[in-house]
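A.B. asks: Please see the structure below; I have some questions.
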Amino acid sequence: MSHTISDLLSQLRVQLAETACTAKDVLIEKESFAQLSSYLRKLDSFLNEIQLKSSINDSHTLKTILESLVTKIRNLDDLVNICRTKSKFYLFINCRSILKKLQQITNDIGRNLSLISVSHMEIFKDSKESIMRIFQEMQDLKFKTNLVSDEVAGKIEIGLQENKESSSYSNELLFQIAKAIGIELSPSLLKTELEQLKKDQKTAELQRNMAEALQIERVAALLSWADDARPLEEREKQYQVRRVSLGAHPILPLKSFCCPITQEVMEDPVEIASGHTYERAAIQKWFADGHTTCPVSFITVSNFELRHNKVLKRSIDEWRERNFMIQLTSMRNKLASEDEMTILATLEELHGMCELRLIHRHWVAAEGILPILVKLLKSSGRNIRKKAFSTLIMIINGNLELKERACEEGVIELSMCALARDVSESRQAVNLLLQLSFEQSLCRQLTKAHGCIFLLAALTKCEVPKVAEDAKAVLENISKINEENAVLMAEAGYFGPLVQHLNEGAKTTQMIMANALSQIKATDVTRRMLVEMGVLPPLVKMLSEGNLEQKLASLGALKDLSLCFENRDIFVKAGVMQPVLKLLFTKKSVLTTLREQAATVLANLASATSSSSNCLTDLFGTELEPKPTIYRLLSLINLCGPVIQIQLLKALHELSYPHSTNHLKASMREAGAVEMLLSLYDVNTDAGVRFHTIKLLHSITRDDGESLAKQMQYEVTQSLVNLLVNSPIEEEKAAVLGLFHNTPLDDSDFTDMLDKAELLSALLTILQMAADSGLMKELLESAVGVLLRFTVSSNLQLQKKVVSCGVIPLLLDVLKWGTPLAKCRAIISLGQLSESTWKQTCRVKKVTSFWCISPQVVDVCRVHGGVCTVEKSFCLVEAQAVPLLIEELKEQDPVVVGSALGAVTTLLYDEFWDKGVDLIAESGGVTPVINLLTIHDTNAQECALWILERIFRKERYRLMYGNSAQLPLISLTQDGTNKARHQAAKILAHLNILQQQSSYF
């Protein structure tokens, strides 16, 4: 029946899909078939494009090409089915022919497709080059067997050609085939595969493929000589039967066993034309050296052909095996010796024999030496333990039964002990455990061993690469049998299997791994490493597409990982913020826990962003509009419970904290954030919410406290003061005081409200606590900062109230041990109080006294010339504050020096400047003031010049300090501000330097 092109295309696409799907299940050459599947998918895309082109006509050429393709794909499907259904032994034996057929079919498909592309390429103008390249690759594609397959195939051919009937040869061959096709060297499995191979032979006979049937029969017969296909118990019984018939001493080799040339027992005996037998290598060298005669008879040989002497070879092998069996008994006795050298020599000999032939390893087990070797792992001699490990590894390698026998003797527990020893021994122990871990049944025993996973995880960090690699391989094998093992490994510090399960596992497995990540106590280094290992993509996918349980597990892991500052950029690039905000803003009913976790992730990321100069873009990326998102978060606060509110407040606080985000804070204020937050504080009873509300208010009003002062009601103010008095949390107190400090100092109404709420008493209590036991610096700085509004010189009554409460001694204490900022603010307060001293000083009137009446002695202030006290006139002189101020000038701290100069100027007002100068000079303050002329602070320089102008009005100070002030003064006349130049010139005139040094100006 004739098919249309459309029918053929549909049929082809169905065939391609089915073949590509079944190709995943082939038993051998998986990489080759995977490569083919990739081309089939590309071919399907090409055919789909043809099918969509309605302009294609039912041309005879195109139809012929497509019909040929249908046949080729059918042939390919048949080949794939063979590779899925035949025995592994059959497929391995026929590996070369299978790959040859696969290559031929692929090349033919590529040629057919190129004919389509040539005749109808106008359809594919945009993709012409890529399509032609794919088709050319398919035409040129070559599949090659690996080196192991070629090597084993060569040995099979040799065995068939030479009709080998040797159990040792077949054992070696069976071992290599089993290893190549990935099956355990278990008698039951090997026996099953051999039986399946014989079934394939019968199938070939039924199909009248006699050549293939004969080939399979010959290979099966060759492999049937192997002892490994029989159970260990059966081999041990056979060994014991043979062993009983032997004597107690080794037998010397027969003369015929020795090569006439080398005089040694032959390994590969060959017969030459004269009928004599020699070692193959020796006779080849004899002929290569130019000899044409037999080395024994000296008869000229007619040809140089070498014939394998099978009978003699078999006799030699039997002699060797007989002697080896006899030697094993003596070896067992020697291994029980107490002499270390004897044991080491015996282990070396035993190792060599087991390395020589596979069957010897089974004889070792049959002789009962395996338990002795395991027992030697307890030896006090390190060299004995190391050699016992290497010998055991050699014996059990690739054999499940021998591994199980060793485990029964306790090799796992003894290997665990060795893992904690020096690296030379732990290397052997971990290698042995690696051999055991290849078997699933033994992996389960490994996990039951005490400390196994913990010790192996520690070894993954070993400086010796081989030890670390083997330890990782063991853990990888263990993790495959039970996903919970991956969690235990992660808890021990090895995260490879967990990350792999998270990326490749089923949904339930991924959820288990995510939950484990959230519960592991990780450091920032670990969190960074996990993100670099690739945990974010699957977590983000779970959060975006998963069900509620998966989202919750993902958020738990993301919450912990987001604590690391260095992960923040990677989180943003991975697209974490979109699903997190979607969960927060969704109107659908979702678990409160989900939103709580999402809010915590947001807060953590915002915290990591707070040092960034462009934190909004950094956090939300380019796909989200930052400002509208912030507004929505602000609005969401009123709609959530306390847990979510706290996290959202944290996030907004961190985002508004840097000075670079003033525009954000302004936008939040414009959106009514101040009013909303004050209301939230007023109505909310949750302590955590109130605390973080205060912190956010403090942050967004830092550069504009006017709106805060206008909107804060007395009730809220009183509540904040009460919190300040009663809260045990210093950070909370600091936030309250920071909030008050943000308001304008000249807002007298707000100051009166604070005074009415009895804030002053709370401030003095904090300062007293700081003097007694110390406080966090933010709390002290904020307390002294808020105190500034109570000491302004424009409110004398408030100043009197503050001083009467004993504030000046407390401020002086701050100068002794406070932070630079606290000192600065304390000095400003002292300066503000000192500004009112002259007004408060009681003048002493001159009284005319009689000679018979002594005048009353009145103590007057040496600066202000009247009766001064700390309590009445706020005098800095009487408070002994001047030496402390001078000390601050000497320190030249840029934060403090300006305020200290300002306080000193209050002692030099016109009414009493000359007395103030004397006090400053006597207190050692002239030199520090001169030194301040050279600092890079124009305000401080100008203030210092103002003070020096008054000091140098007096002759004696010009003489004492004039020379030291000349150079900095002259420098300022050249490089200073206009005001500084004028002041410096005025002082130089006092010093009579201006005319003399006119060339400087």
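A.B. asks: Being over 47 Å from the mean Cα position of the chain (by Cα), among the hydrophobic types (A, V, I, L, M, F, W, C) and modelled with pLDDT of 75 or more is the requirement here; does A204 meet it?
C.D. replies: On the way: over 47 Å from the mean Cα position of the chain (by Cα): yes; among the hydrophobic types (A, V, I, L, M, F, W, C): yes; modelled with pLDDT of 75 or more: yes.
Against the criterion (over 47 Å from the mean Cα position of the chain (by Cα), among the hydrophobic types (A, V, I, L, M, F, W, C) and modelled with pLDDT of 75 or more), A204 qualifies.
A.B. asks: Okay, next question. Out of everything in region 459-472 that is part of a helix (DSSP H, G or I) and not hydrophobic (A, V, I, L, M, F, W, C), what residue ends up being most open to solvent (accessible area, probe 1.4 Å)?
C.D. replies: As a first pass, look at region 459-472 and keep what is part of a helix (DSSP H, G or I): 459, 465-472.
Keeping just the survivors that are not hydrophobic (A, V, I, L, M, F, W, C) gives 465-466, 469-470, 472.
Values: P465: 84, K466: 95, E469: 115, D470: 9, K472: 83 Å².
This residue is E469.
A.B. asks: Tell me which residues, restricted to region 254-309, are surrounded by 13 or more Cβ atoms within 10 Å (Cβ to Cβ), among the aromatic types (F, W, Y) and not in a helix (DSSP H, G or I).
C.D. replies: Scanning region 254-309 gives Y278, F304.
A.B. asks: Taking the condition of being surrounded by fewer than 18 Cβ atoms within 10 Å (Cβ to Cβ), under 51 Å from the mean Cα position of the chain (by Cα) and assigned to a helix (DSSP H, G or I), how many residues in region 737-763 meet it?
C.D. replies: Result for region 737-763: 0.
A.B. asks: While we're looking at this one, here's another question. Of these, V430, V487, V411, V499, which one is β-branched (V, I, T), more than 19 Å from L530 (Cβ to Cβ) and without any contact (Cβ under 8 Å) to a residue 40 or more places away in the chain? Break it down stepwise before answering.
C.D. replies: Working: V430 fails: without any contact (Cβ under 8 Å) to a residue 40 or more places away in the chain; V487 fails: more than 19 Å from L530 (Cβ to Cβ); V499 fails: more than 19 Å from L530 (Cβ to Cβ).
On inspection, the qualifying residue turns out to be V411.
A.B. asks: Now, a different point. Within region 327-347, is there a residue that is open to solvent by 40 Å² or more (accessible area, probe 1.4 Å) and over 30 Å from R382 (Cβ atoms)?
C.D. replies: Scanning region 327-347, I find no residue that is open to solvent by 40 Å² or more (accessible area, probe 1.4 Å) and over 30 Å from R382 (Cβ atoms), so the answer is no.
A.B. asks: Now a separate question. Could you pull out the residue among L456, L446, L475 that is assigned to a helix (DSSP H, G or I), free of Cβ contacts under 8 Å to residues at least 24 places away in the same chain and hydrophobic (A, V, I, L, M, F, W, C)?
C.D. replies: Numbers: L456 fails: free of Cβ contacts under 8 Å to residues at least 24 places away in the same chain; L446 fails: free of Cβ contacts under 8 Å to residues at least 24 places away in the same chain.
None of the other options fit; the residue is L475.
A.B. asks: Can I ask one more? Considering region 669-703 alone, what residues qualify as being within 36 Å of the chain's Cα centre (by Cα) and either modelled with pLDDT under 85 or of a type in the set (F, W, Y) (or both)?
C.D. replies: Within region 669-703, just F691 meets the criteria.
A.B. asks: Sticking with this structure for a sec: Output the number of residues of region 724-769 satisfying the condition of being closer than 19 Å to I808 by Cβ and of a type in the set (F, W, Y).
C.D. replies: The number of residues fulfilling the criteria is 0.
A.B. asks: Given the criteria of a type in the set (F, W, Y) and more than 29 Å from W363 (Cβ to Cβ), does F454 qualify? Talk me through it step by step, then tell me what you get.
C.D. replies: Working: of a type in the set (F, W, Y): yes; more than 29 Å from W363 (Cβ to Cβ): yes.
Considered against the rule, which asks whether it is of a type in the set (F, W, Y) and more than 29 Å from W363 (Cβ to Cβ), F454 comes out as yes.
A.B. asks: Out of everything in region 917-939 that is farther than 16 Å from I987 by Cβ and aliphatic (A, V, I, L, M), what residue ends up being surrounded by the fewest Cβ atoms within 10 Å (Cβ to Cβ)?
C.D. replies: Of everything passing the filter in region 917-939, I935 is surrounded by the fewest Cβ atoms within 10 Å (Cβ to Cβ).
Each row is one residue, and each column tells you yes or no for (1) open to solvent by 30 Å² or more (accessible area, probe 1.4 Å); (2) of a type in the set (G, A, S); (3) part of a helix (DSSP H, G or I).
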site: V499; (1), (2), (3): no, no, yes
site: T508; (1), (2), (3): yes, no, yes
site: M511; (1), (2), (3): yes, no, yes
site: A514; (1), (2), (3): no, yes, yes
site: A522; (1), (2), (3): no, yes, no
site: M529; (1), (2), (3): yes, no, yes
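A.B. asks: Scan region 952-970 and report the pairs whose first residue is at negative phi and whose second residue is modelled with pLDDT of 90 or more and not in a helix (DSSP H, G or I), with Cβ atoms within less than 6 Å and a gap of 6+ or a chain change.
C.D. replies: R958/F952
A.B. asks: Starting from residues that are surrounded by 24 or more Cβ atoms within 10 Å (Cβ to Cβ) and basic (K, R), keep the ones in region 806-844 and report whichever is nearest to L788 (Cα to Cα).
C.D. replies: Here the residue is R825.
A.B. asks: Out of (1) closer than 20 Å to M132 by Cβ; (2) at pLDDT below 75; (3) among the aliphatic types (A, V, I, L, M); (4) under 49 Å from the mean Cα position of the chain (by Cα), the odd one out for I109 is which?
C.D. replies: I109 satisfies all of (1) closer than 20 Å to M132 by Cβ; (2) at pLDDT below 75; (3) among the aliphatic types (A, V, I, L, M); (4) under 49 Å from the mean Cα position of the chain (by Cα) except (2).
A.B. asks: Take the residues in region 92-101 that are more than 13 Å from E212 (Cβ to Cβ) and in contact (Cβ under 8 Å) with a residue 60 or more places away in the chain, then tell me which one is surrounded by the fewest Cβ atoms within 10 Å (Cβ to Cβ).
C.D. replies: Filtering region 92-101 for residues that are more than 13 Å from E212 (Cβ to Cβ) and in contact (Cβ under 8 Å) with a residue 60 or more places away in the chain, the one surrounded by the fewest Cβ atoms within 10 Å (Cβ to Cβ) comes out as L99.
The values are calculated or read from the model by the stated rules, or taken from the named source; none is laboratory data. Here the structure is a predicted model, which means the values were calculated and not measured. Using ideal geometry, Cβ is built from the backbone for each residue, glycine included, and neighbour counts are taken over all protein chains shown. Keep in mind that these areas ignore ligands, DNA and RNA; they rest on the heavy atoms of the full protein, side chains included. Shrake-Rupley method; radii C 1.70, N 1.55, O 1.52, S 1.80 Å.
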